[in-house]
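**Student:** Got a structure for you, questions after.
Bear in mind these aren't lab numbers, they're just calculated from the coordinates by the rules spelled out. Since we're looking at a predicted model, the values are computed, not measured. Quick reminder, even Gly has a Cβ in these numbers, built from the backbone with ideal geometry, and neighbours come from all protein chains shown.
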Amino acid sequence: EMLFGQPVRRPDAPVTPFHMNMAASVQAVLEEAVLALARTALQRTGQRHLCLAGGVALNCLANTRLLLDLPGLDGLWIQPAAGDAGGALGAALELGHSRAPAPPARRRGHDAMAAGLLGPAYPADEIRAALEAAGLVHDEPADAGTLARQVAAALADKQIVGHFDGRMEFGPRALGNRSILADPRGTETLSRVNRSIKFREDWRPFAPIVLADQAAAVFEAPSDSPYMLLVTKLKPAFRGADDLEQARARGLNAPMDLQGAVSSDFAAVTHVDFSARLQTVDPAGGARAGAILQAFHAMTGCPMLLNTSFNVRGEPIVCAPGDAIDCFLNTHLDLLAIGPFLVHKSAQPDWVQQKIGRMRFAAD
């Protein structure tokens, strides 16, 4: 029960300076180990490009250290389902190579994993049937462009949106197709999504989904991260007046105190050191989240949105239409964009409004 003279931290117990220092120390040791392994791999093989998989490859800080601090590294590619699920890909690849001729070489820069959107998709008729079975009032905009603009307008109006479209992501990161989206500006967004939708601690920030051609204007290098597997920092022009060192000098140590003292123009998606777990998206890729983000940028001048997985704490990311509907009905989401349909919470029948009235915030 005791480690380093401290009891084991229980779930939902306060995070103390000891916990923060311990986490930072473990992270620092991990980064040095990853750097040493990568350095050895490059030396032994003579290669200048690395391909990562495995659960540790989900550690965005360690991945970024490789790009910034490893001499001789010309390229880094991280498998988007890096973890146990990705092991199946390795097994299939090994078997395929052992039983068939080698496939033709892929051109460099080409994403053969189709943005990681390899999961199931659902036709409009099946989604419509699920909405009708749930008794939900829904609209069907005239076309995809109209839907994207209507969702962007709702986001600009500070509504929180559950977005469900196309194939589900393969891996642990929601990349836009099974995502909760929100305006990243302002601390009230962070608190609201944490308390009334994700049901987790107030201090936890979210990830930004950013237009690929705008990322370098807002974030420092590396600013190309399609799978949300790298960390970068906000450029100084978008940071608040106080930094982490100044906040600690004033005696602030608790996570919420630090989160409140160290602000930025995009407070809901940046940590207290102005870092962010970046995801970049190119609307030309065809994913609807990119079109929504492009419309939001045109309306507000803000090139990013808050992006978090479409689920609540302790639950898997939604997969089928029924999963998305259940999450919509059991959280304080304002709008569900599901397939070609929009479901506004405010337009629902009395029984839905009564259910919302009975819901409590996680911190109550």
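**Student:** When only alpha-carbon atoms are used, what values of Rg and Dmax, in angstrom, describe the stretch 112-185?
**Tutor:** In Å, with Rg to one decimal and Dmax whole: 13.8, 40.
**Student:** Further, regarding this structure: Rounded to whole Å and sorted largest first, list the principal axis extents of the Cα atoms in the stretch 2-106.
**Tutor:** Extents along the principal axes, in whole Å: 57, 31, 19.
**Student:** Which three extents, in whole angstrom, do the alpha-carbon atoms of the stretch 201-328 cover along their principal axes, largest first?
**Tutor:** 49, 34, 26
**Student:** Let me ask you something else. Evaluate the charge dipole of the stretch 116-358 about its Cα centre and quote only its size in Debye, nearest 20, assuming +1 on the Cβ of each Lys and Arg and -1 on the Cβ of each Asp and Glu. Write down the numbers at each step before the final one.
**Tutor:** Numbers: 23 positive and 28 negative charges, 103 e Å.
For the stretch 116-358, the charge dipole is close to 500 debye.
**Student:** I would also like to ask the following. Could you give the length gained by full extension between A221 and L3, i.e. 0.36 nm per residue of separation minus their alpha carbon distance, to one decimal place?
**Tutor:** Using 0.36 nm per residue and subtracting the Cα-Cα distance, I get 74.7 nm.
**Student:** While we're on this one: Quick check: Cα centre of the stretch 299-333 to Cα centre of the stretch 196-275, how many Å?
**Tutor:** Using only Cα atoms, the two centres lie 21 Å from each other.
**Student:** Something else: In straight Cα distance, which lysines are under 24 Å from K345, not counting same-chain residues fewer than 8 positions off?
**Tutor:** Once the sequence-local lysines are set aside, what remains near K345 is K158, K198, K355.
**Student:** Compute and list, largest first, the equivalent-ellipsoid semi-axes of the chain from the alpha carbon gyration tensor, each √(5λ) rounded to a whole angstrom.
**Tutor:** Here the semi-axes work out to 33, 28, 20 Å.
**Student:** Here is a follow-up. For the chain, what proportion of DSSP beta bridges, expressed in % and rounded to the nearest 5, is antiparallel?
**Tutor:** Bridges in the chain are about 70 percent antiparallel.
**Student:** In nm, to one decimal, how far is the N253 label point from the A91 one, both placed 7 Å along Cα→Cβ?
**Tutor:** For N253 paired with A91, the spin-label model returns 4.7 nm.
**Student:** Continuing with the same structure: Of Q246, A295, M22, which is farthest towards the positive pole of the chain's charge dipole, taken about the Cα centre with +1 and -1 on the beta-carbons of Lys, Arg and Asp, Glu respectively?
**Tutor:** M22
**Student:** Using the Karplus curve 6.51 cos²θ - 1.76 cosθ + 1.60 with θ = phi - 60°, work out ³J(HN,Hα) for each residue of the stretch 310-324 in order, rounded to whole Hz, and write x for Gly and Pro.
**Tutor:** Along the stretch 310-324, the couplings run 7, 5, 10, 3, x, 10, x, 4, 4, 10, 8, x, x, 5, 5 Hz.
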